[in-house]
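A quick write-up on the structure given underneath.
FYI, it's all coordinate maths here, none of it is from the lab. Everything quoted here is computed from the prediction, not taken from an experiment. Cβ: placed from backbone, ideal geometry, glycine included. Neighbour counts: every protein chain shown.
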Amino acid sequence: MGVQHFTSFIRDHYEIHEWKHACAILKNDFPSEWDDIVGVLTSFRLRHSWINVGGGRKSEVAADIDGYLASRGWVEKSFHTEVVVDQHVMESPTHKVDCYKNRVALEIEWNNKDPFFDRDLNNFRLLFDLRAISVGVIITRCDELQEIFDRIGRGKSFGNSTTHVSKLLPRIQGGGGGGCPLLVFGIRANLYQEGE
């Protein structure tokens, strides 16, 4: 099992990367969450109006994905973690996860600074080691979208030091996610809609 089990639409419209049998785990052990992820990826379109405005708050891209998943029971989730050594308790906080349901954690990194990938992967690694999650998923953008951003005059807002697939893959290949099974989806240019 692998990325070939996604629909042809998802394979044609997203750059997909998998580590440590994440597809098999997700599809077989978490079929409802698999269906939710297939659903959100199938319904998503990158609208011109969403990228033709300045930032300063949660992007419309993240809000659309969050909203779809929230309607299916996914929540933003913080985990209270601590280390206990000889009755000495040390807080070991983790960062909250954008979307969480039934041991599946999903992060949306649309246009943050690329060190956010390090934070996400470290969080997935720790939560997996603590048996709080079984799979980590990251939805980001493909590098090919830069041509669209440049064409509509928004290229500087989506620069090389922001989150996109080529900034994420070396971090994962270098072991950034530890033992956590991971799935990465890069939003491709053929999801872009010029009109509304």
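A few remarks follow.
- Within the option set A63, A22, being of a type in the set (A, V, I, L, M, F, W, C) and in contact with a strand residue (DSSP E or B) (Cβ under 6 Å, 6 or more places away or on another chain) holds for one residue only, A22.
- Residues that are part of a helix (DSSP H, G or I), under 19 Å from F158 (Cβ atoms) and more than 14 Å from the chain's Cα centre (by Cα) within the range 14-70 comprise H48, S49, W50, I51, E60, listed in sequence order.
- V3 being at negative phi, buried (at least 17 other Cβ atoms within 10 Å of the Cβ) and not basic (K, R): no
- Qualifying residue in the range 117-127 (condition: within 20 Å of A62 (Cα to Cα), in contact (Cβ under 8 Å) with a residue 40 or more places away in the chain, crowded, with 23+ Cβ neighbours inside 10 Å and touching a Ser or Thr at 6+ places or on another chain (Cβ under 7 Å)): yes
- Residues that are among the basic types (K, R) and in a strand (DSSP E or B), drawn from the range 120-151: R141
- Meets criteria (free of Cβ contacts under 8 Å to residues at least 24 places away in the same chain, of a type in the set (S, T, N, Q) and not in a loop (DSSP other than H, G, I, E, B)) for S166: yes
- Of all residues in the range 174-189 being of a type in the set (A, V, I, L, M) and within 14 Å of the chain's Cα centre (by Cα), the one that is farthest from F44 (Cα to Cα): L182
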